[in-house]
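Every number in this text was worked out from the coordinates using simple rules, so none of it is lab data. Here the structure is a predicted model, which is why all the values come from computation and not from measurement. Cβ sites come from the backbone with ideal geometry, for glycine too, and all protein chains shown count toward neighbours.
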Ligand SMILES: C[S@@+](CC[C@H](N)C(=O)[O-])C[C@H]1O[C@@H](n2cnc3c(N)ncnc32)[C@H](O)[C@@H]1O
């Protein structure tokens, strides 16, 4: 019996196999993650009884179509992290700027077409459906609304079609909205029929697929969302996709991307529209950008019902974490300070010192470059997804960028990975305090206080910039904690 190799990286055909996979999926994330790719491939090798890359390549090359080997491999390679109302500022932008502008523009046709490219299990298209049907119900009466979600992973698409979600997908959705829009069933939530109306899902590979993604239906879209997808692609791949998106957008159409995917070099063809806490793009038009009236000071946090995250269940409840020293928390980054095209960092051009990325991340935050800090934290996490320090630094920068729901999630991951990360508990408490969630804030301050008890008073805290146990205890006291 032949044993599977422990790693495929020394197989002479591995480079060829890797190139082929990247060329058909766009996932150049694996360019420098050979061992990671090797481990994922080995799972398929084991199932198929294949022991070398050459044979697998032959198998892969001959497998096109639904359910073929490429599909099964894609299920191993893709990351489908998603949740309802992710990046709440972008939903604010949809609510206050984009949808109202489109309702005005499309008044005659009464049609609205939206494409979520890389939609994973469907939280994103359904969130938009909920937003439109709950908040624009009267204005959109009689309109034809078409929301299409596409993805390269067919099993994600089946789940999206089923419309069943767990608590994790609804962690940024209020209890009230959950009850109104879903049927509770044992441990899952099934989206109500009215929010499925007009929403459809389709297989589409952004690298090899046609643009627009289907022959029938709208040939141009009013909004294209492609969030947290191109972060895995190379600069060249993104440069090839963007003109296609541009072509698929109708006049004055809008494009929403993930925060860390903004690279000004690549997006020059679009008008960049700053919005508090988010960056949105609009198809370039002849007349100067919008006489749009921006909300002078939009209430950034809990606008929608999505703001309130559910309490952790006891099983999930990690021990608390600690805060970063107040000095590392810059006074409110101006989500309100509109980003300009020239000031945006380019994650691709960012040079990360592999020896000191944590220090670099903190330094960037210290000089107020939170987007740069976020890019470094994201880079760290692309290398090691289970690194609590990277999640923690990411969470701190997200707080500064006023992306509170994402920050909450990042703190939660930190604590999940390291229950004793005191400063994560502490900062989670500060975040809840800031967002008016007093009970939760109290709980996390108490967690931090409890964890402090077992530590030497002069010891320094992880990711605390020299902050000691005793200093944190003082800080906790000032917030009314028992420490
Ligand atoms: C992290 S999820 C993002 C989901 C959602 N857009 C969000 O932001 O919540 C990334 C998705 O991109 C999909 N994806 C990756 N490569 C793709 C490709 N070449 N074509 C289409 N989708 C792709 C993955 O299958 C995955 O579902």
On full extension of the chain, what length is gained from residue 81 through residue 284, given 0.36 nm per residue of separation minus the C-alpha to C-alpha distance?
70.0 nm
Approximate spin-label separation residue 216-residue 200, in nm, with each point projected 7 Å along Cα-to-Cβ:
0.6 nm
Neighbour counts of other C-beta atoms within 10 Å: give me 285, 413, 442 arranged from fewest to most.
285, 442, 413
Rg and Dmax of the range 26-172, Cα atoms only, in Å
19.8, 61
Sites residue 180 and residue 43, calculated FRET efficiency, Cβ-Cβ separation with R0 45 Å, nearest 0.05
0.65
What does the C-alpha gyration tensor say about the overall shape of the range 86-219? Classify as rounded when a/c is under 1.5, otherwise prolate if a/b is larger than b/c, or oblate.
oblate
Added length on full extension, which subtracts the Cα-Cα distance from 0.36 nm per residue, residue 386 to residue 144:
82.8 nm
Using 0.36 nm times the number of residues separating residue 236 and residue 19, minus their current alpha carbon distance, what extension gain do you get?
76.7 nm
Arranged by the count of other C-beta atoms within 10 angstrom, fewest first, what order do 168, 115, 143, 189 take?
168, 143, 189, 115
Taking the number of other C-beta atoms within 10 Å as the exposure measure, put 178, 137 in order starting with the fewest.
137, 178
FRET efficiency for residue 188 and residue 10 from the Cβ-Cβ distance with R0 = 56 Å, rounded to 0.05, comes out at 0.80
Dividing the Cα radius of gyration by the Kirkwood radius, what Rg/Rh value follows for the range 14-77?
0.91
Between residue 168 and residue 31, what FRET efficiency comes out of the Förster formula 1/(1 + (r/R0)^6) with R0 = 41 Å and r the beta carbon distance, rounded to 0.05?
0.90
Quick check: the distance between the Cα centres of the range 204-232 and the range 65-84, to the nearest angstrom?
17 Å
